[in-house]
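Each reported figure results from applying straightforward, stated rules to the coordinates on display, with no laboratory input. Bear in mind that the values here come from a model prediction, so they are computed numbers and not experimental data. Neighbour counts are summed over all protein chains in view; Cβ atoms, including those assigned to glycine, are modelled from backbone coordinates with ideal geometry.
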Amino acid sequence: MPPVVFFRIIARLRLDTRTQQILMPLVLFLPLVSLAIYLIPIYLLRRKAYARAQDYFVSSEHTPPGVILNSSVGYALKMATFGPFFVWGASADFWPAIIYSTFFALGVWLIYVVRRPMLAFMQSALHGDRSITVHDFIARQHGNDPRVRLFASALTVFAIFALVIGEALVVATFLKPILSDDAVATSVFVSGFLALMALYAMLSGNSGVMRSAQSQLGMLYLGLFGAAALLLYLLISAQRPMSPHSTFAIVFVAACCAAMPFYRRSVYVDTSPIRTANSNAGRSGREPLGARLFRRFEKILNACISVCAAWVIVLAAMQLYSDGLPAIARESAAALQTGTRLSAVGLVSLLLLPLFHPVVDMTNWQRLAAFEKDARDIEPSQRPAIFRGILRIYAIETPLMSLFMCMFGVIAVVAMATPSGADAIEAFIRELAAEDNAMASAALALLLVSVFAIALSTMSSLFSASLCTVRYDVLPAFWPERTSAAAQAGEGATRRLVMAGGGLYLVVIVAGFLIADAYLQISFASSEFLALLFAFYCAQLAFVPLVLGPVMDRTGAGFGTVSARWALVILGVSALMGLLAVTIYVATRNESWLWAAVPACLGSGFLLFVVARRWPPAAA
């Protein structure tokens with residue numbers, strides 16, 4: 001019997017009503033179990049007291065380079081981009097996703113280019129137990145004025161607030177069709193999800209967040225590869241007609257699933273020992289039982305991911321076998337020759353934001369500080385190669401998986417015969433939930449595992465970055481006695497004060513989500529929603545001239561620094577551009593104004609920086 005005929009017979013086997021009623025609750029049960037599992041490293045790495053602020057807000061344990069790498073990739077794969085990437089794929093509009101992914105890789109490479117001044121600053125800050133944030137770096141380079149640090153930190157807290165709400169809105173988009181469009185149940189579920197995110201970030205500090213995020217990356221790969229394999233299975237069984245775009249998408253996901261096990265060597269999650277505060281591993285060589293069981297689970301997870309990747313390759317080969325290599329190459333080339341419906345200013349934003357945002361992203365600065373703190377345990381001759389390896393895989397894997405999300409959208413709408421458009425995600429989820437066969441239910445469960453893993457790793461990393469910002473930059477401005485060198489013995493009281501502020505911040509985030517979900521009348525998987533988030537990114541993009549100016553000056557480009565007053569002007573005007581774009585959009589409902597926010601922010605910032613450099617200095 002040919003395999004395609006066998007697949008068609010299996011796919012047509014329907015479940016009875018009772019079995020379907022039993023199976024549907026499992027669709028949510030599996031993702032919830034995956035969330036509970038990753039409370040284990042949070043629990044293991046908790047401490048009652050921390051001697052220094054950096055032990056909680058940077059890292060408390062020895063953090064292996066693999067954990068730093070995986071947590072960075074897990075953070076960068078955001079739900080706010082998954083939605084538009086899915087829709088672009090469903091609409092056969094590949095070039096926006098390709099441009100964004102390519103320039104994100106260049107943005108990570110930019111971090112490597114300017115790494116020396118950044119790492120030197122972090123080494124000095126960690127040695128003196130000072131702030132390791134991008135805001136303190138800007139303030140020290142441009143007049144050492146505390147007002148610059150406070151204003152920059154306020155912009156970061158605002159940007160994180162908007163980004164976390166954006167992540168929550170996209171999660172709600174996935175959940176509403178499954179919860180029968182019950183707005184109250186969706187709001188309660190997402191609010192609980194936000195509370196779980198805060199618990200992840202607050203219980204064990206940044207070490208727990210990085211451990212959890214890198215493990216959630218494994219669940220992301222398992223869910224995404226597994227769901228793609230099941231959709232390919234349904235596509236083969238239904239024998240849907242193929243287009244050039246769907247052929248290219250299948251070729252890409254097969255190539256991606258073949259490349260990742262090769263260069264990852266089937267190690268997607270770092271399984272190094274977890275050093276806890278009370279661990280006696282240094283004396284007896286044994287970890288706590290919970291840590292050993294968790295590491296064993298991660299090893300099994302690595303094997304399962306490779307199996308799912310191999311399954312995708314086999315099914316893709318079966319689908320493409322009859323076409324022949326010349327036809328596959330011809331259709332793939334035709335898919336890439338089609339244009340894009342996104343405006344020119346939108347493409348410029350998709351170029352500029354991923355190019356410049358990684359170097360000013362507070363979460364990346366936390367990861368770099370964790371590497372610099374734990375680099376003391378690495379041979380000096382090996383540090384450059386390890387650092388280069390982290391950034392290399394970060395720059396390759398994040399764009400690769402972003403494009404995988406785009407191609408996943410193509411396969412999804414073809415397999416389920418879902419119409420394309422801004423509401424393609426909701427329509428696809430409804431089709432999966434309505435199907436009365438086990439394959440569709442399993443694909444939906446695995447997709448939700450990926451959704452929860454993406455959202456939780458991104459949101460917990462952002463929340464941890466906001467706590468770090470509050471502790472190092474906001475609190476000293478209002479209570480300097482709490483953060484002085486003489487008060488380091490009372491770090492526990494200071495941390496509790498930061499936790500109280502974090503709890504209040506969580507309440508504001510939940511309230512912001514409920515208001516946005518009720519009154520923001522746009523599709524959360526559309527390019528319009530992505531443009532709105534890009535406008536809020538301008539709060540951090542305002543840092544770019546003030547960060548690149550000093551570090552490029554040290555590399556010989558000759559940009560240099562400006563005064564503290566000019567730094568405040570550059571920050572204020574650049575951030576104002578994003579707010580102005582949102583205001584004009586609300587008044588005109590013209591999406592182009594949202595896309596114009598990023599180039600306007602960066603253009604005004606660099607222009608003011610050049611003016612400040614040429615402005616005659618004030619008399620002493």
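Report, in whole Å, the centroid distance computed from the Cα atoms of region 384-432 and region 294-337.
Using only Cα atoms to place each centre, the spacing works out to 14 Å.
Report Rg (one decimal) and Dmax (nearest whole number) for region 500-546, counting Cα atoms only, units Å.
13.9, 38
Could I have the simple spin-label model distance between Leu199 and Ala36, label points 7 Å from Cα toward Cβ, reported in nm to one decimal?
So the label points at Leu199 and Ala36 sit 1.1 nm apart.
Ranking His142, His62 by Cβ neighbours within 10 Å, fewest first, what do you get?
His62, His142
Rounded to two decimal places and with Rh computed the Kirkwood way over Cα pairs, what is Rg over Rh for region 326-452?
1.09
Which one, Ala539, Leu222, Asn302, projects farthest toward the positive side of the charge dipole computed for the chain from Cβ point charges (K/R +1, D/E -1)?
In the chain, that residue is Asn302.
What is the spin-label model distance, in nm, from Phe262 to Arg52 if the labels are put 7 Å beyond Cα along the C-beta direction?
4.3
Using Cβ counts within 10 Å as a stand-in for footprinting exposure, how do Leu347, Leu293 rank, fewest first?
Leu293, Leu347
Could you tell me the relative contact order of the chain? Use alpha-carbon pairs under 8 Å, at least six residues apart, and round to a whole percent.
Taking the mean separation of contacting Cα pairs over the length of the chain, I get 32 percent.
Dipole of region 51-164 (Lys/Arg Cβ +1, Asp/Glu Cβ -1, origin at the Cα centre): which of His62, Met122, Phe104 lies farthest to the positive side?
My answer, from the dipole projection, is Met122.
Can you tell me the equivalent ellipsoid semi-axes for region 48-149? Use √(5λ) from the Cα gyration tensor, largest first, whole Å.
The three semi-axes for region 48-149 are 34, 19, 14 Å.
Quick one: order His357, His127, His135 by neighbouring beta-carbon count within 10 Å, fewest to most.
In increasing order of surrounding Cβ atoms, one gets His127, His357, His135.
Ignoring the sites themselves, what is the longest stretch of the chain with no trypsin sites (Lys or Arg not before Pro) in a DSSP loop and at most 16 other beta-carbon atoms within 10 Å?
Counting only loop sites that pass the neighbour cut-off, the longest clear stretch is 342-588.
For the chain, with only Lys/Arg (+1) and Asp/Glu (-1) charged at the beta-carbon, what is the dipole magnitude about the Cα centre, in debye rounded to 20?
1520
Within region 254-274, whose backbone N sits under 16 Å from a point 7 Å along Cα→Cβ of Leu325?
255
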